[in-house]
Amino acid sequence: MTTIFEVREAVIGTIGEAFPGMPILAEEIPQEQARPFFFVKDLPVVHSRIMGRRYVRSHSYEVQYFPSSIEGANQEILDVAERLTELLEQIRLGSGNLRGKGMRFETVEGVLRFMVTTDIHVFKTKEPVPLMGSASFKERVE
């Protein structure tokens with residue numbers, strides 16, 4: 001089963017391939033972090049039952065982009081948002097792909113805030129039921 005950590009690493013890996021050499025942080029932002037850089041923030045994960053043993057798990061992320069300079073960064077932010085929209089449509093995970101959906105972005109205080117959600121379908125295996133012990137039968141014809 002695909003873990004939450006693996007999905008986040010796939011998102012980070014997809015961004016890293018398109019922006020080589022650009023720092024991508026996921027835990028916390030150091031105070032003196034040199035710009036430009038990305039910060040990938042986990043948003044709530046929703047796990048919903050579809051039917052029976054089938055579930056869908058929605059992973060949401062906020063990708064923040066801190067441009068090289070706050071002054072005149074609007075064009076740089078819009079260019080990065082455009083690239084993220086294309087990149088995160090297909091996120092490579094193992095031998096398959098995840099589809100990014102619900103993408104939206106905004107600029108807050110000179111920082112791009114780009115949101116994306118991916119869905120993973122989960123099929124839980126059925127717990128083995130202990131079999132009945134042995135049974136013996138006697139047949140008689142009357």
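The values are calculated or read from the model by the stated rules, or taken from the named source; none is laboratory data. Since we're looking at a predicted model, the values are computed, not measured. Ideal geometry is used to build each Cβ from the backbone, glycine not excepted, and the neighbour counts take in all protein chains shown.
Which one of these is of a type in the set (K, R) and surrounded by 17 or more Cβ atoms within 10 Å (Cβ to Cβ): R57, R140, R49, R104?
That would be R57, the only listed residue that is of a type in the set (K, R) and surrounded by 17 or more Cβ atoms within 10 Å (Cβ to Cβ).
Identify the residue in the range 19-37 that is part of a loop (DSSP other than H, G, I, E, B) and of a type in the set (A, V, I, L, M) and, among all such residues, is surrounded by the most Cβ atoms within 10 Å (Cβ to Cβ).
A26
Return the residues of the range 103-142 that are touching a helix residue (DSSP H, G or I) at 6+ places or on another chain (Cβ under 6 Å) and either over 30 Å from Y65 (Cα atoms) or hydroxyl-bearing (S, T, Y) (or both); say none if nothing qualifies.
T107
List the number of the failed condition for Q31; all other conditions in (1) under 22 Å from E109 (Cβ atoms); (2) at pLDDT 95 or above; (3) not acidic (D, E) hold.
The single condition Q31 does not satisfy is (2).
If I filter the range 1-16 down to residues being touching a residue at least 60 places away in the same chain (Cβ under 8 Å) and not in a loop (DSSP other than H, G, I, E, B), which single residue comes out as surrounded by the most Cβ atoms within 10 Å (Cβ to Cβ)?
For the range 1-16, the residue satisfying everything is V11.
When only residues in the range 68-101 that are under 22 Å from the mean Cα position of the chain (by Cα) and among the small types (G, A, S) count, which is surrounded by the fewest Cβ atoms within 10 Å (Cβ to Cβ)?
Within the range 68-101, the match that is surrounded by the fewest Cβ atoms within 10 Å (Cβ to Cβ) is S95.
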